[in-house]
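Heads up, the thing below is written out as structure tokens.
The values are calculated or read from the model by the stated rules, or taken from the named source; none is laboratory data. Everything quoted here is computed from the prediction, not taken from an experiment. Counting neighbours? That spans all protein chains shown, and the Cβs are built from the backbone with ideal geometry, glycine included.
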């Protein structure tokens, strides 16, 4: 069982959410890799630093977007970062962390579809 996280415009919109990734118990956070701009949004996420820098600028500094989970609960940038960082420490020794995804400097990334 896991929880998906998304970033959505911080205003009423019909725009599709942008999938950040999934948190599942026993595993490092699994980021959804984005290698080309999403619609007209200049997002290219292929590293932990890239994802976190983009989220911090757009959800904290400019407040254009908010982070939500699949249950429509808004999650602050600080709480999201804490979740990812805690999982990095707590589940770093799982030998299967990178069996079905890419290892990008110790963080899990995938381009594939997942739910």
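Regarding the range 47-63, can at least one residue be identified that is in a strand (DSSP E or B), in contact (Cβ under 8 Å) with a residue 40 or more places away in the chain and touching a helix residue (DSSP H, G or I) at 6+ places or on another chain (Cβ under 6 Å)? No, every residue in the range 47-63 fails to be in a strand (DSSP E or B), in contact (Cβ under 8 Å) with a residue 40 or more places away in the chain and touching a helix residue (DSSP H, G or I) at 6+ places or on another chain (Cβ under 6 Å). Looking at the range 40-47, can you tell me whether even one residue there is modelled with pLDDT under 90, loosely packed, with under 15 Cβ neighbours inside 10 Å and more than 28 Å from residue 94 (Cα to Cα)? Yes, some residue in the range 40-47 is modelled with pLDDT under 90, loosely packed, with under 15 Cβ neighbours inside 10 Å and more than 28 Å from residue 94 (Cα to Cα). Taking the numbered list (1) free of Cβ contacts under 8 Å to residues at least 24 places away in the same chain; (2) in contact with a helix residue (DSSP H, G or I) (Cβ under 7 Å, 6 or more places away or on another chain); (3) part of a loop (DSSP other than H, G, I, E, B) in turn, residue 93 passes all entries but (2). Here residue 68 fulfils each of the conditions (1) surrounded by 14 or more Cβ atoms within 10 Å (Cβ to Cβ); (2) free of Cβ contacts under 8 Å to residues at least 40 places away in the same chain; (3) touching a strand residue (DSSP E or B) at 6+ places or on another chain (Cβ under 7 Å) apart from (2).
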